[in-house]
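The values are calculated or read from the model by the stated rules, or taken from the named source; none is laboratory data. These numbers come from a predicted model, not from an experiment. In this analysis, Cβ positions are derived from the backbone assuming ideal geometry, glycine residues included, and neighbour counts consider all displayed protein chains.
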């Protein structure tokens, strides 16, 4: 595992890695993005000094779906328009793990791989403003986003049944997947692409 991290680090460096506040990111379409965290509670944590199996890996994917009712000319045309104008990359995700700083990245349908120390973790997303898409779908359109989680993480909701975050627990050396699913729900939308 440590050798794999060393190889990935070398590849990241050679592939013109962008370092953002302690997080190295590399975006490979076939492999998703890779975020590695090297700070733990303000103390530098050299990945090579960790024992084999200490790091864990979480692949976070982002899915965007659409559900329409009373769409003009049809619900299908509304969802085609919505999905052509909203994609996973427009959502910002945040992963927080046991004794590691948060990793922030754009959503990706291919997934973003994040390395953490074992223990509890959370995945949350910044709120997404639906006003632009709502304005494009007409004055009667009502747009909302329903969020859920799938995989090795569990969705957590508040008292009003609104998504708060996804949580999970990961063992040393384990790899998990967590999918954050957004369903854009449209009522009474009128497709601007129709004559």
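Below is a table of values for the structure above.
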quantity: The range 139-158, residues that are loosely packed, with under 14 Cβ neighbours inside 10 Å and more than 23 Å from the chain's Cα centre (by Cα); calculated: 139, 140
quantity: Test: residue 181 is under 14 Å from residue 60 (Cα atoms), modelled with pLDDT of 95 or more and within 17 Å of the chain's Cα centre (by Cα); calculated: yes
quantity: Number of the exception - residue 129 against (1) closer than 20 Å to residue 88 by Cβ; (2) at pLDDT 95 or above; calculated: (2)
quantity: Any pair with Cβ under 8 angstrom, 6 or more apart, that starts in the range 111-129 at a residue that is without any contact (Cβ under 8 Å) to a residue 40 or more places away in the chain and ends at one that is surrounded by fewer than 16 Cβ atoms within 10 Å (Cβ to Cβ); calculated: 126/92; 126/94
quantity: Hits in the range 79-95 (condition: more than 12 Å from the chain's Cα centre (by Cα) and either in a helix (DSSP H, G or I) or within 28 Å of residue 56 (Cβ to Cβ) (or both)); calculated: 79, 80, 81, 82, 83, 84, 85
quantity: Of all residues making up the range 110-130, the number that are in a loop (DSSP other than H, G, I, E, B) and surrounded by 14 or more Cβ atoms within 10 Å (Cβ to Cβ); calculated: 6
quantity: Among residues of the range 90-109, those that are touching a strand residue (DSSP E or B) at 6+ places or on another chain (Cβ under 6 Å), more than 17 Å from residue 149 (Cα to Cα) and surrounded by fewer than 20 Cβ atoms within 10 Å (Cβ to Cβ), counted; calculated: 5
quantity: Qualifying positions in the range 168-180 - closer than 21 Å to residue 91 by Cα and surrounded by fewer than 17 Cβ atoms within 10 Å (Cβ to Cβ); calculated: 177
quantity: Of all residues making up the range 173-189, the number that are within 15 Å of residue 131 (Cα to Cα) and in a strand (DSSP E or B); calculated: 4
quantity: Residue 101 in a loop (DSSP other than H, G, I, E, B), touching a residue at least 12 places away in the same chain (Cβ under 8 Å) and on the phi < 0 side of the Ramachandran plot; calculated: yes
quantity: Residues that are modelled with pLDDT of 75 or more and under 16 Å from the mean Cα position of the chain (by Cα), drawn from the range 28-78; calculated: 57, 58, 59, 60, 61, 62, 63, 64, 65
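For every residue, the table says whether it meets (1) in contact (Cβ under 8 Å) with a residue 40 or more places away in the chain; (2) touching a strand residue (DSSP E or B) at 6+ places or on another chain (Cβ under 7 Å); (3) surrounded by fewer than 19 Cβ atoms within 10 Å (Cβ to Cβ).
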{"site": "132", "(1), (2), (3)": "no, no, yes"}
{"site": "160", "(1), (2), (3)": "no, no, yes"}
{"site": "189", "(1), (2), (3)": "yes, yes, no"}
{"site": "192", "(1), (2), (3)": "yes, no, yes"}
